[in-house]
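J.: If you scroll down you'll find the structure; I have some questions about it.
The values are calculated or read from the model by the stated rules, or taken from the named source; none is laboratory data. Here the structure is a predicted model, which means the values were calculated and not measured. All Cβ positions, even for glycine, are placed from backbone atoms using ideal geometry, and neighbour counts span all protein chains on display.
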Amino acid sequence: MHEFELINNFFSNLSKNNISALNLNDDVFFDKKKKIAISVDTYNINTHFIDFKSPDLVIKKILRSSLSDLICKGVKPKFYFISGSGNKKDFTKKNLFKISKSLKNEQKKYNISLCGGDTTFSNKLSFTITSLGYSKDIVYRNKSRLNDDIYVTGNLGDSFIGLQILKKKIKTNNKMSKFFIKKYYEPDLQIEFINNLFKLANTSIDISDGLVDDLKKMINRQNFSFHIFEKKIPISNTLKQLIKLKKFKKIDITSRGDDYQILFTANPIKSRIVKKLSKITGIKITKIGKIISGKNKSKIINLKNKQIEAKNRGYIHQF
């Protein structure tokens, strides 16, 4: 049973009288009257991070991953709560000092504050982060419109390569390794784009589980599909070099998730505004596809200009 089957079969009915829960089909809880948005994420060792050798980097990654849920909704994060489960081997004074210092730097970078949390003993290391922000509105899921253009911020794929290098599944030179590992631990959050998102987006999501999988989530309750052009998917120059060197397939690398970029759709008449804002803000924004009518018609147009089925290529939460 995957994540959404679990939610739909056992928990959706518990939220049916609470409009702020958004049918448990979005990244956040949003109370429009009180103008408050909340997200909750849990991260387990061996699932969401491979080890705890660099606690300062791990905590940075999971905090940014959590903040991303608010950012992709057009909400600026303000407060966060953090709970940790582990043992004395995990929470040594040395590790706690590194975690505290890293969180301090992140608070300064994103202008956020720690407000509480909890600690419990466990033989398996785990963190849960609750992020909170205030906003008059959010950019919802499932609000795409027919013929909307599909956009993504930043670059995709670097984080996945970083993870494979850490797992010793990919070998490359020291300079490349450092680049990709940094992208894995320190995702680039487009927080400067928050105010502009409302001017452009009909719907949005952050890319956590993978481009194709998250696109499907973004339109999962609409009678729509999508076409994505592989050649349009933005990647870094370093990844271009690696793909050429290792003869990787671009779509396989860029659909694995952990990018935390903003994926959104917009009316085609706003394409000039998107280009202008991209230039003004310095944020890379790339048109990669289009929303089409009908269910189960999603396709990827590959580098050979052939249509291939848009299968789930990202991370799927199985239970």
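J.: Suppose the filter is surrounded by fewer than 18 Cβ atoms within 10 Å (Cβ to Cβ), at pLDDT 95 or above and not assigned by TED's automatic domain parsing to the domain that holds residue 27; does residue 143 pass it?
T.: Answer is yes for this residue.
J.: Pairs under 8 Å by beta carbon, first residue free of Cβ contacts under 8 Å to residues at least 40 places away in the same chain in segment 116-138, partner part of a loop (DSSP other than H, G, I, E, B), six or more apart or different chains?
T.: 119/91; 121/87; 122/87; 123/87
J.: Where in segment 199-315 are the strands (runs of 3 or more DSSP E), entirely inside, with at least 1 residues that are among the β-branched types (Val, Ile, Thr) and crowded, with 18+ Cβ neighbours inside 10 Å?
T.: Filter on segment 199-315 gives 203-206, 224-229, 262-266, 285-293, 299-301.
J.: Which fully enclosed strands (runs of 3 or more DSSP E) of segment 1-105 have 2 or more residues being at pLDDT 90 or above and within 23 Å of residue 185 (Cβ to Cβ)?
T.: 36-44, 77-86
J.: Among residues belonging to segment 274-289 that are at pLDDT below 95 and aliphatic (A, V, I, L, M), point out the one that is nearest to the chain's Cα centre (by Cα).
T.: 277
J.: Can you pull out the residues in segment 140-190 that are in a loop (DSSP other than H, G, I, E, B), under 20 Å from residue 75 (Cβ atoms) and either within 15 Å of the chain's Cα centre (by Cα) or of a type in the set (Phe, Trp, Tyr) (or both)?
T.: Result: 140, 141, 154, 187, 188, 189, 190.
J.: Among the residues of segment 38-56, which ones are over 17 Å from the mean Cα position of the chain (by Cα) and buried (at least 16 other Cβ atoms within 10 Å of the Cβ)?
T.: Of everything in segment 38-56, those that are over 17 Å from the mean Cα position of the chain (by Cα) and buried (at least 16 other Cβ atoms within 10 Å of the Cβ) turn out to be 45, 52, 54, 55, 56.
J.: Based on what the data block shows, is residue 61 of a type outside the set (A, V, I, L, M) and either in contact with a Phe, Trp or Tyr (Cβ under 6 Å, 6 or more places away or on another chain) or in the same structural domain as residue 181 (by TED's automatic domain parsing) (or both)?
T.: For residue 61, the condition - of a type outside the set (A, V, I, L, M) and either in contact with a Phe, Trp or Tyr (Cβ under 6 Å, 6 or more places away or on another chain) or in the same structural domain as residue 181 (by TED's automatic domain parsing) (or both) - is met.
J.: Scanning segment 123-140 for residues that are polar (S, T, N, Q) and modelled with pLDDT of 95 or more, which turns out farthest from residue 193 (Cα to Cα)?
T.: 126
J.: What tally of residues in segment 106-134 results from selecting those that are under 21 Å from the mean Cα position of the chain (by Cα) and outside any loop (DSSP other than H, G, I, E, B)?
T.: The qualifying residues number 13.
J.: So which residues in segment 230-273 are hydroxyl-bearing (Ser, Thr, Tyr) and under 17 Å from the mean Cα position of the chain (by Cα)?
T.: Answer for segment 230-273, where residues must be hydroxyl-bearing (Ser, Thr, Tyr) and under 17 Å from the mean Cα position of the chain (by Cα): 254, 255, 260, 265.
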